[in-house]
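**Q** Quick one: structure below, then a few questions.
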Amino acid sequence: MSSSTPSSTGTVRSKRRSRTRRAGESMFGVLLLTRNIVLTLVAVLLLVAGGWTSWQTAGPALTGDVRGTVRIAKCTEEECAGTFVPATGGGSPSSSGGSQPKKVKVAESASGTVGERLEVAVEPGTDRAVRTGASGALYGAVPLGGSLVLAALVFVGGMRMKRTALVLGLLGVALMGASWAVLTF
């Protein structure tokens, strides 16, 4: 059945839709808008959480006050330990209780082999050290790369934004791949 009826002058006049139908159409628009807003907030939450987590590791690597070197002495499945020697003018070992070298731990995936000497920065108030330079910054940015990949899935699956999702996903994979390459080679 047509929604328009011919008038006596030969022009077509449209019939007014029912109030229920108009409300249903506007409600569907509101639901689409709500879906996009919620999914955008989820993607932003993923990116903020990834950035926050990345900064907790990459922050000391980029701006750490106590810098020096560590010689890897032993490694377990998750971390390696060694003796930290502060760089000249880069902080003092007084926080470790005098002039004795401080024992620190480095994540196993960011450290080298036993006997290797690494440039590190000590996280304030802990016995954990993170690598400095490009390798430390990229290692710290791995959670951000993962959140970029997850946000890409939200964009492509929920909001049907294929190009944006492709860019986010490729950036995340490139970030994680660069981190792996710098730490491996």
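**Q** What do you get for trypsin sites (Lys or Arg not before Pro) in the range 109-185 restricted to DSSP loop and a cutoff of at most 12 other Cβ within 10 Å of the site's Cβ?
**A** ARG160
**Q** Provide, as a two-decimal number, the C-alpha radius of gyration of the chain over 2.2 N^0.38 Å, N being how many residues it has.
**A** Relative to the rule-of-thumb radius for its length, the chain sits at 1.77.
**Q** How much length, in nm to one decimal, is gained on full extension between LEU170 and CYS75, taken as 0.36 nm per residue of separation minus their Cα-Cα distance?
**A** Taking LEU170 through CYS75 to full extension adds about 30.9 nm, to one decimal.
**Q** Which value at 222 nm does the chain reach when only helices count, each DSSP H run of 4 or more adding -39,500 (n - 2.57), with the total divided by all residues and rounded to the nearest 500 deg cm²/dmol? Mind showing how you got there, number by number?
**A** Working: 4 runs with 93 residues, N = 185.
One gets -17500 deg cm²/dmol as the mean residue ellipticity at 222 nm.
**Q** Let me ask another. So what J values fall out for the range 15-23 if you push phi through Karplus, 6.51 cos²θ - 1.76 cosθ + 1.60 with θ = phi - 60°, rounded to Hz, Gly and Pro as x?
**A** Result, rounded to whole Hz: 7, 6, 6, 6, 4, 5, 5, 5, 5.
**Q** While we're on this one: Taking only protein heavy atoms and a 1.4 Å probe, what accessible area per residue, in Å², does the chain have with all protein chains in place?
**A** In whole numbers, the chain has 64 Å² accessible per residue.
**Q** Determine how large the accessible area of VAL114 is when every protein chain is in place; take a 1.4 Å probe and give Å² rounded to the nearest 10.
**A** For VAL114, the solvent-accessible surface is approximately 90 Å².
**Q** With a sphere of radius 13 Å drawn around the Cβ of CYS80, what net charge do the other residues whose Cβ falls strictly inside it have (Lys, Arg +1; Asp, Glu -1)?
**A** Once all neighbours under 13 Å are counted, the net charge is +1.
**Q** Just the ratio, please: alpha-carbon radius of gyration of the range 116-158 over 2.2 N^0.38 Å, N its number of residues.
**A** The reported ratio for this selection is 1.65.
**Q** Take the solvent-accessible surface of the protein heavy atoms, probe 1.4 Å, and return the percent of it on the chain that carbon and sulfur atoms account for. Present the calculation step by step, with values, prior to reporting the outcome.
**A** Numbers: 7610 of 11920 Å².
Whole-percent figure for carbon plus sulfur exposure: 64.
**Q** What is the range 109-179's relative contact order, in percent, from Cα pairs under 8 angstrom and six or more apart in sequence?
**A** 27
**Q** Under 23 Å Cα-Cα from LYS105, which lysines qualify once same-chain neighbours fewer than 8 residues away are excluded?
**A** Correct list for LYS105: LYS74.
The values are calculated or read from the model by the stated rules, or taken from the named source; none is laboratory data. Worth saying up front: this structure is predicted, and the values here are computed from it rather than measured. Every residue, glycine as well, gets a Cβ built from its backbone with ideal geometry; the counts of neighbours run over all protein chains shown. To get the accessible areas, we keep the full protein, side chains included, count just its heavy atoms, and leave off ligands, DNA and RNA. Shrake-Rupley method; radii C 1.70, N 1.55, O 1.52, S 1.80 Å.
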